[in-house]
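All remarks here apply to the structure that follows.
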Amino acid sequence: MPKPESFPIETIFVPTKLKKTLKPETVAEIAESMLDIGQQEPISVRLDGDRLVLVEGLHRLEACKALGETTILGVVVPAELAQPKPLLAERPEVEAERIKMARLKQLRLEKEAAEASTAASRSVNATQATRSYQAKGVRDNPKASPGRTAKSAPKTLSDWITQQKGSGGRY
């Protein structure tokens with residue numbers, strides 16, 4: 001296989017028949033992947049006089065354009081190898097793999113959202129528990145608010161005697 005080269009994107013001609021197979025959602029997926037791991041597979045082009053004609057890699061080419069790239073990795077293939085092949089997107093096993101990967105991505109996003117929601121819920125519960133604990137502690141503590149509870153603890157012996165007399169108790 002020829003060694004990949006860097007080609008200016010604007011010099012690559014895309015045949016009309018190939019343009020009709022473009023799927024924007026596939027371009028978006030590939031662009032996202034390229035942001036994460038870069039271009040993994042070169043496109044294929046052939047020479048037609050002094051211009052380059054795209055043979056394979058339309059979605060990769062469009063993803064690079066969408067990302068603002070000016071060049072793309074590709075290989076020049078001889079015209080006899082540039083015969084139309086079934087596009088990857090047309091093969092059922094490729095589509096099944098794409099669906100599987102999309103579902104895995106969705107599950108990962110749902111799991112991350114659930115974990116974030118759980119963490120936020122724990123944070124809210126901890127805050128509410130701290131507030132209710134503090135509020136309860138102030139109301140129920142006779143030393144914290146003297147004279148506000150029905151039976152304040154006496155501070156001195158004479159206070160205790162007075163309290164006993166008022167309640168009818170014996171001392």
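Do you know which residues across segment 11-23 are closer than 13 Å to VAL45 by Cβ and within 33 Å of the chain's Cα centre (by Cα)?
Residue satisfying the conditions is LEU18 alone.
Which of the residues that make up segment 19-70 are within 18 Å of GLU95 (Cα to Cα), of a type in the set (A, V, I, L, M) and either in the same structural domain as LYS105 (by TED's automatic domain parsing) or part of a helix (DSSP H, G or I) (or both)?
Selection gives VAL27, ALA28, ILE30, ALA31, LEU58.
Quick one: which of GLU62, GLU56 is acidic (Asp, Glu) and touching a residue at least 40 places away in the same chain (Cβ under 8 Å)?
GLU62
Considering only residues of segment 61-83 that are closer than 22 Å to LEU22 by Cα and surrounded by fewer than 10 Cβ atoms within 10 Å (Cβ to Cβ), which is modelled with the highest pLDDT?
GLY68
Would you confirm, using the coordinates I've provided, whether GLU95 is at pLDDT 80 or above, surrounded by 10 or more Cβ atoms within 10 Å (Cβ to Cβ) and out of contact with any Asp or Glu (no Cβ under 7 Å at 6 or more places or on another chain)?
no
The values are calculated or read from the model by the stated rules, or taken from the named source; none is laboratory data. For clarity, every value in this text was computed on a predicted model and none was experimentally measured. All Cβ positions, even for glycine, are placed from backbone atoms using ideal geometry, and neighbour counts span all protein chains on display.
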